[in-house]
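A.B. asks: Attaching a single structure in structure tokens format; questions to follow.
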Amino acid sequence: MYDYDLFVIGAGSGGVRASRIASSLGAKVAVAEEYRVGGTCVIRGCVPKKLMVYASHFAEDFHLAEGFGWNLGERSFNWQAFIAKKAAEIDRLNGLYLQTLGNAGVEVFEERATVHDQHTVKVGDKIISAKKILVAVGGTPYLPSLPGIEHAISSNEVFHLKDQPKRLLVVGAGYIGVEFAGVFNGLGSNVTLAYRGDKVLRGFDEELRDRLTHEMTQKGIKFLFENNPTKIEKTDTGLLVHFDNAEQQEFDQVLFSTGRSPNTNGLGLENAGVELNNDGSIPVDDYSQTNVESIFAVGDVTDRVPLTPVAIKEGHAFALTEFSSQKVSPQHDNVASAVFSQPPIASVGLTEDEAKEHYDEVAVYKSDFKPMKHTLGGSEERALTKLLVDVKTDKVIGAHMIGLDAAEIIQGVAIAVKNGLTKAQFDATVAIHPSSAEEFVLMPTPKYVLTKD
Ligand code: NDP
């Protein structure tokens with residue numbers, strides 16, 4: 001009676017996973033994508049960003065290598081060559097995603113779809129019916145309105161710049177701001193980061209925030225704290241930026257990384273009676289269902305945790321719940337995340353401020369050390385590991401790290417935290433020596449104990 005059992009709008013991480021799993025469970029599935037199959041993460045987010053982080057980090061690695069006796073001679077970076085190689089890799093992944101969907105028997109519409117009513121979508125001129133509709137359209141960069149904002153770029157454009165900016169202003173000090181400030185600084189651009197607050201990465205562990213601010217400064221990034229652009233003017237030689245404090249400075253590019261908004265504008269959700277939050281995100285229940293029985297939503301378009309692996313879990317859980325006999329709710333507790341800043345940060349569980357709200361006594365274990373690679377390498381960069389432990393139960397409730405390989409290390413620690421292991425169980429684990437990760441099982445005494453607010 002319907003054209004499809006499931007019509008998915010958006011072929012990003014969440015939409016692709018949901019389509020593929022639903023199809024493998026016997027559903028007739030179609031997915032529509034208005035830009036490129038793969039979505040933000042693969043096409044213009046996590047993946048190309050991480051390639052840029054690798055490209056950028058070589059500058060420091062070459063320097064470290066000299067400390068180990070290497071003589072490397074003259075080095076130079078070719079932006080155009082890198083951008084072309086990166087683009088080819090993204091094309092390859094886009095092809096793989098299309099192939100995966102094809103192999104799974106999912107029909108792909110490479111055009112924009114909107115919601116027409118509770119069981120139909122509009123794709124171009126076609127009206128297509130589906131028993132269930134999944135909205136997985138993600139988000140889009142949010143740029144505040146100020147005179148000249150049209151001269152600025154967002155993370156959508158930063159991957160395709162024809163030339164590497166010599167002078168870059170980054171606005172905002174969240175995930176994207178600190179990551180790109182690090183990338184361009186490593187590649188040799190002169191980077192300034194303007195932020196309305198007083199240290200980077202609001203919401204992260206305070207000590208890690210201080211440490212990252214310090215390390216980024218040491219690496220040559222200039223910070224304009226408690227300062228925001230008020231106007232951008234195009235001149236013959238660049239972009240003249242006026243700031244809150246009445247100062248002006250010229251840059252070649254201005255990158256706004258001031259958050260992302262859900263992509264619900266013009267999506268037609270009101271035609272079906274789907275309720276939205278004030279910020280445009282879609283509220284859903286534990287099974288990703290909206291207030292309309294036949295319409296579901298996963299990923300950054302919802303008001304949950306805006307991270308790719310979370311969207312994938314939500315898409316998978318949705319498909320199992322709706323197209324198999326299992327009822328699965330994606331879990332949003334103890335989600336580990338990493339910021340690919342330089343040095344990187346990774347965390348799982350509660351920060352000190354959050355822990356104090358929920359627990360009577362929290363013991364904080366810490367290790368602050370110079371990674372071995374930096375001893376001969378000659379870098380002053382240090383690493384910091386932290387564990388937060390509920391004194392009453394001995395359960396580890398938070399783990400945080402800044403330093404080399406933090407993301408790789410915290411992924412393993414996250415398994416222990418997610419499964420409620422105790423500090424005694426961490427301590428009973430034999431260390432891998434010499435490594436930075438071993439610090440997580442070698443912190444015998446707490447540095448201090450926090451008490452409830
Ligand atoms: P974030 O929300 O992380 O940071 C936004 C930054 O911009 C904050 O510093 C914020 O300040 C500031 N800001 C917000 N609005 C304004 C404004 N009107 N004027 C000036 N400054 C403003 O967003 P991002 O854009 O960095 O990243 C978007 C999302 O993408 C992240 O939330 C994350 O989920 C995801 N992401 C994840 C990555 C990863 O997992 N490694 C990498 C990149 C992105 P304040 O702190 O004061 O609010």
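The values are calculated or read from the model by the stated rules, or taken from the named source; none is laboratory data. Source: prediction; values computed, not measured. All Cβ positions, even for glycine, are placed from backbone atoms using ideal geometry, and neighbour counts span all protein chains on display.
A.B. asks: Can you tell me which residue is nearest to the ligand (Cβ to nearest atom) among those in the stretch 173-184 that are within 21 Å of Val47 (Cβ to Cβ) and not aromatic (Phe, Trp, Tyr)?
C.D. replies: That would be Gly174.
A.B. asks: Of everything in the stretch 164-210, what is within 19 Å of the chain's Cα centre (by Cα), under 20 Å from Gln249 (Cβ atoms) and either of a type in the set (Lys, Arg) or assigned to a loop (DSSP other than H, G, I, E, B) (or both)? Give them in sequence order.
C.D. replies: Answer for the stretch 164-210, where residues must be within 19 Å of the chain's Cα centre (by Cα), under 20 Å from Gln249 (Cβ atoms) and either of a type in the set (Lys, Arg) or assigned to a loop (DSSP other than H, G, I, E, B) (or both): Gly172, Ala173, Val200.
A.B. asks: Could you pull out the residue among Asp368, Asp333, Asp390, Asp300 that is charged (D, E, K, R) and within 16 Å of the ligand (Cβ to nearest atom)?
C.D. replies: Working: Asp368 fails: within 16 Å of the ligand (Cβ to nearest atom); Asp333 fails: within 16 Å of the ligand (Cβ to nearest atom); Asp390 fails: within 16 Å of the ligand (Cβ to nearest atom).
When all the criteria are applied, what remains is Asp300.
A.B. asks: Continuing with this model, one more query. Take the conditions part of a helix (DSSP H, G or I), over 30 Å from Gln164 (Cα atoms), without any contact (Cβ under 8 Å) to a residue 24 or more places away in the chain and not basic (Lys, Arg) and apply them to Gly102. Does it pass? Give the steps one after another, and end with the answer.
C.D. replies: Details: part of a helix (DSSP H, G or I): yes; over 30 Å from Gln164 (Cα atoms): yes; without any contact (Cβ under 8 Å) to a residue 24 or more places away in the chain: yes; not basic (Lys, Arg): yes.
Against the criterion (part of a helix (DSSP H, G or I), over 30 Å from Gln164 (Cα atoms), without any contact (Cβ under 8 Å) to a residue 24 or more places away in the chain and not basic (Lys, Arg)), Gly102 qualifies.
A.B. asks: All but one of (1) surrounded by 17 or more Cβ atoms within 10 Å (Cβ to Cβ); (2) among the hydroxyl-bearing types (Ser, Thr, Tyr); (3) within 16 Å of the ligand (Cβ to nearest atom) hold for Ser261, so report the exception by its number.
C.D. replies: (1)
A.B. asks: Is it true that Lys418 is among the basic types (Lys, Arg), more than 18 Å from Val339 (Cβ to Cβ) and modelled with pLDDT of 95 or more?
C.D. replies: Values: among the basic types (Lys, Arg): yes; more than 18 Å from Val339 (Cβ to Cβ): yes; modelled with pLDDT of 95 or more: yes.
For Lys418, the condition - among the basic types (Lys, Arg), more than 18 Å from Val339 (Cβ to Cβ) and modelled with pLDDT of 95 or more - is met.
A.B. asks: Tell me yes or no: at least one residue of the stretch 59-68 is part of a loop (DSSP other than H, G, I, E, B), farther than 30 Å from Gly124 by Cα and modelled with pLDDT of 95 or more. Write out each step before concluding.
C.D. replies: At the first step, the residues of the stretch 59-68 found to be part of a loop (DSSP other than H, G, I, E, B) are 68.
Now restrict to residues that are farther than 30 Å from Gly124 by Cα: 68.
Next cut, modelled with pLDDT of 95 or more only: 68.
There is at least one residue in the stretch 59-68 that is part of a loop (DSSP other than H, G, I, E, B), farther than 30 Å from Gly124 by Cα and modelled with pLDDT of 95 or more.
A.B. asks: Mind counting the residues in the stretch 266-304 that are part of a loop (DSSP other than H, G, I, E, B), touching a helix residue (DSSP H, G or I) at 6+ places or on another chain (Cβ under 8 Å) and either charged (D, E, K, R) or surrounded by fewer than 14 Cβ atoms within 10 Å (Cβ to Cβ) (or both)?
C.D. replies: Adding up the residues that qualify gives 1.
A.B. asks: On to the next question. If I go through the stretch 185-200 residue by residue, how many of them are crowded, with 23+ Cβ neighbours inside 10 Å and either near the ligand (Cβ under 10 Å from one of its atoms) or without any contact (Cβ under 8 Å) to a residue 12 or more places away in the chain (or both)?
C.D. replies: 4
A.B. asks: Here is a follow-up. Can you tell me which residue is surrounded by the most Cβ atoms within 10 Å (Cβ to Cβ) among those in the stretch 243-258 that are touching a strand residue (DSSP E or B) at 6+ places or on another chain (Cβ under 7 Å) and without any contact (Cβ under 8 Å) to a residue 60 or more places away in the chain? Show your work before the answer.
C.D. replies: As a first pass, look at the stretch 243-258 and keep what is touching a strand residue (DSSP E or B) at 6+ places or on another chain (Cβ under 7 Å): 243-244, 248-258.
Now restrict to residues that are without any contact (Cβ under 8 Å) to a residue 60 or more places away in the chain: 243-244, 248.
Working: Phe243: 16, Asp244: 13, Gln248: 12.
Here the answer is Phe243.
A.B. asks: Let me ask you something else. Is there a residue in the stretch 103-115 that is of a type in the set (Val, Ile, Thr), surrounded by fewer than 22 Cβ atoms within 10 Å (Cβ to Cβ) and under 21 Å from Cys46 (Cβ atoms)?
C.D. replies: If we filter the stretch 103-115 for residues that are of a type in the set (Val, Ile, Thr), which is where we start, we get 106, 108, 114-115.
Pick out the ones that are also surrounded by fewer than 22 Cβ atoms within 10 Å (Cβ to Cβ) and you get 108, 114.
Those left that are additionally under 21 Å from Cys46 (Cβ atoms): none.
So far as the stretch 103-115 goes, no, none of its residues is of a type in the set (Val, Ile, Thr), surrounded by fewer than 22 Cβ atoms within 10 Å (Cβ to Cβ) and under 21 Å from Cys46 (Cβ atoms).
A.B. asks: Any residue at all in the stretch 121-132 that is part of a helix (DSSP H, G or I) and polar (S, T, N, Q)? Spell out how you get there, then give the answer.
C.D. replies: As a first pass, look at the stretch 121-132 and keep what is part of a helix (DSSP H, G or I): none.
Checking the stretch 121-132: not a single residue is part of a helix (DSSP H, G or I) and polar (S, T, N, Q).
A.B. asks: If you go through the stretch 217-241, how many residues are within 14 Å of the ligand (Cβ to nearest atom), under 21 Å from Ser154 (Cβ atoms) and assigned to a strand (DSSP E or B)? Before the answer, list the steps.
C.D. replies: Initial filter on the stretch 217-241 (within 14 Å of the ligand (Cβ to nearest atom)): 223-232, 241.
Remaining after also requiring under 21 Å from Ser154 (Cβ atoms): 223-224, 227-232, 241.
This time we only want the ones that are assigned to a strand (DSSP E or B), so: 223-224, 229-232, 241.
Total meeting the criteria: 7.
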